[in-house]
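Before any comments, here is the structure.
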Amino acid sequence: MPLPNHPFQIANSLAKARLGGRTPLKVTHLLTYACNVECGFCTRIHIPSETMEPHQVLAMMDSFARLGTRWWVFNGGEPTLVKPLGQYIERARSLEFHATMVTNGTGVAARIDELKRLDLVICSIHGPRDTHDRTLGREGAFDEAMRGVRMLRDEGVEVCLLCVLNERNRDLLDAMLCLGEELGVGVAFQPVVETQLGGAQVPLDLVPRQTAMTDAVNWLLEQKMADRPVSCSRAYLEALMDSWPNRPFGANCWAGRLFCEVTPEGFVVPCCSEEEYTFARCHGPTVGWERAFLALPDRSECRSCWFKGPQEINLLLSMQPSHLKRAATNAARGRLLWD
Ligand SMILES: C[S@@+](CC[C@H](N)C(=O)[O-])C[C@H]1O[C@@H](n2cnc3c(N)ncnc32)[C@H](O)[C@@H]1O
Ligand code: SF4
Ligand code: SF4
């Protein structure tokens with residue numbers, strides 16, 4: 001993974017954060033809550049919402065660039081359903097952001113000319129063909145995603161698969177790593193998190209028990225040591241094992257201080273677990289993006305989720321020498337920091 005531009009500016013923002021300053025270094029924009037499939041564990045698609053107009057999204061990206069943002073993530077809902085996505089990707093490029101998209105992959109092939117401009121695509125795959133299609137409730141979803149992944153890879157876009165570890169696929173992790181090996185891409189894992197956004201609940205029979213999770217994560221650690229393409233840091237896997245299912249995760253959180261999310265209607269929130277807590281003072285199009293970001297609550301003491309995105313950053317920023325060494329070695333090899 002190429003490091004983003006302006007490394008000194010990033011180092012400066014990190015140093016300021018240690019003294020209490022806030023810079024939205026990484027922004028995740030949930031372009032929409034709409035989706036073309038229905039994964040059993042996803043409650044986000046049940047949230048009713050408006051979306052910002054394209055000119056508001058572009059103005060938001062410009063504002064965050066001025067505030068020091070270097071990483072931009074297009075997420076959702078399903079971002080490939082959003083018509084002006086190509087325009088947003090071009091703006092991310094002109095602002096020199098490192099641009100990532102998280103997708104179920106079904107819409108990638110149809111929009112490859114726009115998507116090949118991304119730096120990284122995280123494609124969610126939750127098992128081999130049958131399991132994946134059943135999880136999304138769409139026959140053919142696996143094959144559509146594989147076609148998209150191959151096209152992206154041929155265009156030179158970095159790709160990583162993301163598997164939500166749940167009761168249905170915890171015995172199929174070897175097949176997931178074989179798939180990563182066949183495609184030449186990393187496979188990231190995060191456990192199913194019991195979010196309750198939109199009033200919906202994750203079905204309890206999808207949530208692995210403690211011993212099942214420990215076995216699965218131990219196995220992943222062994223495979224990582226054997227150099228298989230597990231794209232989770234060792235620190236993340238160990239912290240997951242120590243905390244699952246009801247102990248606090250082992251690192252302070254930088255949500256709202258170094259990273260944040262923006263909902264489709266333009267509320268700035270610390271992280272994806274907090275989309276429901278949308279305050280008028282955090283509505284970017286109304287109060288301005290800097291004020292909206294600076295009005296976020298302090299979440300430094302929160303340790304209540306296992307989402308890989310924020311927790312890998314939190315572990316890295318906990319400055320343990322072993323985490324930093326591994327990340328630096330990966331960066332020097334042009335790999336994702338948590339490979
Ligand atoms: C909400 S989706 C949006 C992007 C795109 N539609 C996709 O599925 O990749 C972002 C990621 O969150 C994961 N996810 C959704 N609900 C989850 C949950 N309850 N626990 C853990 N991960 C979840 C999805 O599988 C996906 O990898
Ligand atoms: S594809 Fe993504 S947004 Fe759609 S239901 Fe699945 S996890 Fe949710
Ligand atoms: S620990 Fe998780 S839920 Fe808590 S603020 Fe951080 S990202 Fe959000």
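Tabulated data
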{"read-out": "Identity of the residue in segment 25-48, polar (S, T, N, Q) and closer than 19 Å to HIS126 by Cβ, that ends up nearest to ligand 1 (Cβ to nearest atom)", "value": "THR43"}
{"read-out": "Boolean, HIS132 is in a loop (DSSP other than H, G, I, E, B), in contact with a His (Cβ under 8 Å, 6 or more places away or on another chain) and crowded, with 22+ Cβ neighbours inside 10 Å", "value": "no"}
{"read-out": "Cross-chain or 6+ apart pairs with Cβ under 7 Å, segment 21-39 first and farther than 11 Å from GLY256 by Cα, then among the acidic types (Asp, Glu) and within 15 Å of ligand 3 (Cβ to nearest atom)", "value": "THR28/GLU261; LEU30/GLU261"}
{"read-out": "Verdict on VAL27 being buried (at least 21 other Cβ atoms within 10 Å of the Cβ), within 16 Å of ligand 3 (Cβ to nearest atom), of a type outside the set (D, E, K, R) and not in a loop (DSSP other than H, G, I, E, B)", "value": "yes"}
{"read-out": "Positions within segment 184-199 being over 30 Å from ASP154 (Cβ atoms), small (Gly, Ala, Ser) and surrounded by fewer than 15 Cβ atoms within 10 Å (Cβ to Cβ), in sequence order", "value": "GLY199"}
{"read-out": "Test: residue in segment 48-60 that is touching a His at 6+ places or on another chain (Cβ under 8 Å) and without any contact (Cβ under 8 Å) to a residue 60 or more places away in the chain", "value": "yes"}
{"read-out": "Condition check for PRO264: within 27 Å of LEU25 (Cβ to Cβ), in contact (Cβ under 8 Å) with a residue 60 or more places away in the chain, touching a strand residue (DSSP E or B) at 6+ places or on another chain (Cβ under 7 Å) and away from ligand 2 (no atom under 16 Å from the Cβ)", "value": "no"}
{"read-out": "Any hit, segment 197-207, residues being touching a helix residue (DSSP H, G or I) at 6+ places or on another chain (Cβ under 8 Å) and on the phi > 0 side of the Ramachandran plot", "value": "yes"}
{"read-out": "Any chance THR80 is outside any loop (DSSP other than H, G, I, E, B) and of a type in the set (Val, Ile, Thr)", "value": "yes"}
{"read-out": "Any helices (runs of 4 or more DSSP H) falling wholly within segment 252-339 and containing at least 2 residues that are β-branched (Val, Ile, Thr) and at pLDDT 95 or above", "value": "284-287"}
{"read-out": "Residue tally, condition part of a strand (DSSP E or B), among the β-branched types (Val, Ile, Thr) and either at positive phi or in contact with a helix residue (DSSP H, G or I) (Cβ under 7 Å, 6 or more places away or on another chain) (or both), over segment 145-193", "value": "2"}
{"read-out": "Segment 181-223 - residue that is more than 25 Å from LEU336 (Cβ to Cβ) and among the acidic types (Asp, Glu) and, of those, nearest to ligand 2 (Cβ to nearest atom)", "value": "GLU194"}
{"read-out": "Residues satisfying the stated conditions in segment 7-41, i.e. closer than 22 Å to TRP72 by Cβ and within 16 Å of ligand 2 (Cβ to nearest atom)", "value": "THR28, HIS29, LEU30, LEU31, THR32, TYR33, ALA34, CYS35"}
{"read-out": "Where CYS42 falls short, out of the listed (1) part of a strand (DSSP E or B); (2) in contact with a Cys (Cβ under 8 Å, 6 or more places away or on another chain)", "value": "(1)"}
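The values are calculated or read from the model by the stated rules, or taken from the named source; none is laboratory data. Predicted model, so just to flag it, every value in this text is computed and none were measured. Heads up, the Cβs are rebuilt from the backbone with ideal geometry, glycines too, and the neighbour counts pull from every protein chain shown.
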